[in-house]
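Let me begin by presenting the structure, written as structure tokens, before commenting on it.
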Amino acid sequence: MQTTSMLGPILAQVLLTIGVYVLLGRRKFAAVKAGEVDRNATALDNRAWPEAVVKVSNNLANQFEAPVLFYVLCFALMALGQGSGIALALAWLFVLSRCAHAWVHVSSNYVPHRFRLFGFGLLLLLAMTVLAVWHWLGWP
């Protein structure tokens, strides 16, 4: 496989983020249409939105935290010629963990499940970091 195979999980993570943007727009539109919000209050305070909107908004913020490290690691691994095999498997597992995390976050928001999924994603990022450092140092 070519190192460009890493573009699959990268694009999947981007699509997840776009999907969360779309869901946020839909939930905000529905809340406004249902008369559940004070537009002046929501312009200044995200907490003024109904819980269903806040869940998605908080998840959207999460898409710009750990996933930023994921993007950097993917491109670093690609630059090192390691965009397939173990690196590719780790990348796909990370994206799947983020999809599951997003699902829990925007639905039940059950923190113990969310925390486990977040922790699993961080372990995957750690493994990707170790792999990148390993190859950067030129070890076999």
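The values are calculated or read from the model by the stated rules, or taken from the named source; none is laboratory data. Since the structure is predicted, the reported quantities are computational estimates derived from the model, not experimental observations. Quick reminder, even Gly has a Cβ in these numbers, built from the backbone with ideal geometry, and neighbours come from all protein chains shown. The accessibility values were calculated without ligands, DNA or RNA, using every heavy atom of the protein model including side chains. Shrake-Rupley method; radii C 1.70, N 1.55, O 1.52, S 1.80 Å.
What the table below lists for this structure:
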quantity: Choice from PHE70, PHE120, PHE94 with maximal GNM fluctuation in the chain (Cα, 10 Å cutoff); calculated: PHE120
quantity: Carbon plus sulfur fraction of accessible area for the chain, probe 1.4 Å, in percent; calculated: 69
quantity: Viscosity 0.890 mPa s, 25 °C: Kirkwood-radius Stokes-Einstein D of the chain over Cα pairs, µm²/s; calculated: 150
quantity: Point-charge dipole on Cβ atoms (K/R +1, D/E -1) for the chain, about Cα centre, debye to 20; calculated: 280
quantity: Helix 111-136 axis, angle to the chain major axis (alpha carbon atoms, nearest 10°); calculated: 30
quantity: In Å², nearest 10: area of THR17 left accessible to a 1.4 Å probe; calculated: 10
quantity: Probe 1.4 Å, accessible area per residue of the range 27-140, Å²; calculated: 58
quantity: Cα gyration tensor, the range 1-71 - rounded (a/c under 1.5), prolate or oblate; calculated: prolate
